[in-house]
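A.B. asks: Here you go, one structure.
The values are calculated or read from the model by the stated rules, or taken from the named source; none is laboratory data. Everything quoted here is computed from the prediction, not taken from an experiment. Virtual Cβ from ideal backbone geometry, glycine too; neighbours counted across all protein chains shown.
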């Protein structure tokens, strides 16, 4: 997938999430979770903390989409910035809750867990 196509799909998914669409969040998770996990893993150097940070990123996307910067900032850039912040916060914590740290590889995070994660995040939206 080209960068332009991916960015367009991310923008469409973010618009859906902003409208309250759980399917949009699932699409966004499918598009970005691998990149988010890899970045979090580089920062935390720990698979469990990277998974926790990845989960936190998508919770923040679901609850804070209205805070997203205007169009000049790409959707992928905003999400990866959230990933940096969450990973740094997770790295500074002394422990990670075992319940939030199940998958250990990028494949586990990005493949087959999106529906479960999207449903979990969907229940937390206020």
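A.B. asks: Can you name the number of the only condition in (1) in contact (Cβ under 8 Å) with a residue 12 or more places away in the chain; (2) in a helix (DSSP H, G or I) that residue 15 fails?
C.D. replies: Failing condition for residue 15: (1).
A.B. asks: From (1) touching a residue at least 60 places away in the same chain (Cβ under 8 Å); (2) crowded, with 22+ Cβ neighbours inside 10 Å, pick out the condition that doesn't hold for residue 51.
C.D. replies: Residue 51 satisfies all of (1) touching a residue at least 60 places away in the same chain (Cβ under 8 Å); (2) crowded, with 22+ Cβ neighbours inside 10 Å except (1).
So that you can scan it fast, the table gives a plain yes or no per residue for (1) over 26 Å from residue 1 (Cα atoms); (2) at pLDDT 70 or above:
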residue	(1), (2)
42	no, yes
48	yes, yes
59	no, yes
65	no, yes
72	no, no
76	no, yes
109	no, no
116	no, no
120	yes, no
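A.B. asks: Can you say whether residue 40 is free of Cβ contacts under 8 Å to residues at least 60 places away in the same chain, part of a helix (DSSP H, G or I) and under 19 Å from residue 67 (Cα atoms), as far as the supplied structure shows?
C.D. replies: no
A.B. asks: Among the residues of segment 1-26, what is the count of those that are on the phi > 0 side of the Ramachandran plot and surrounded by 15 or more Cβ atoms within 10 Å (Cβ to Cβ)?
C.D. replies: 0
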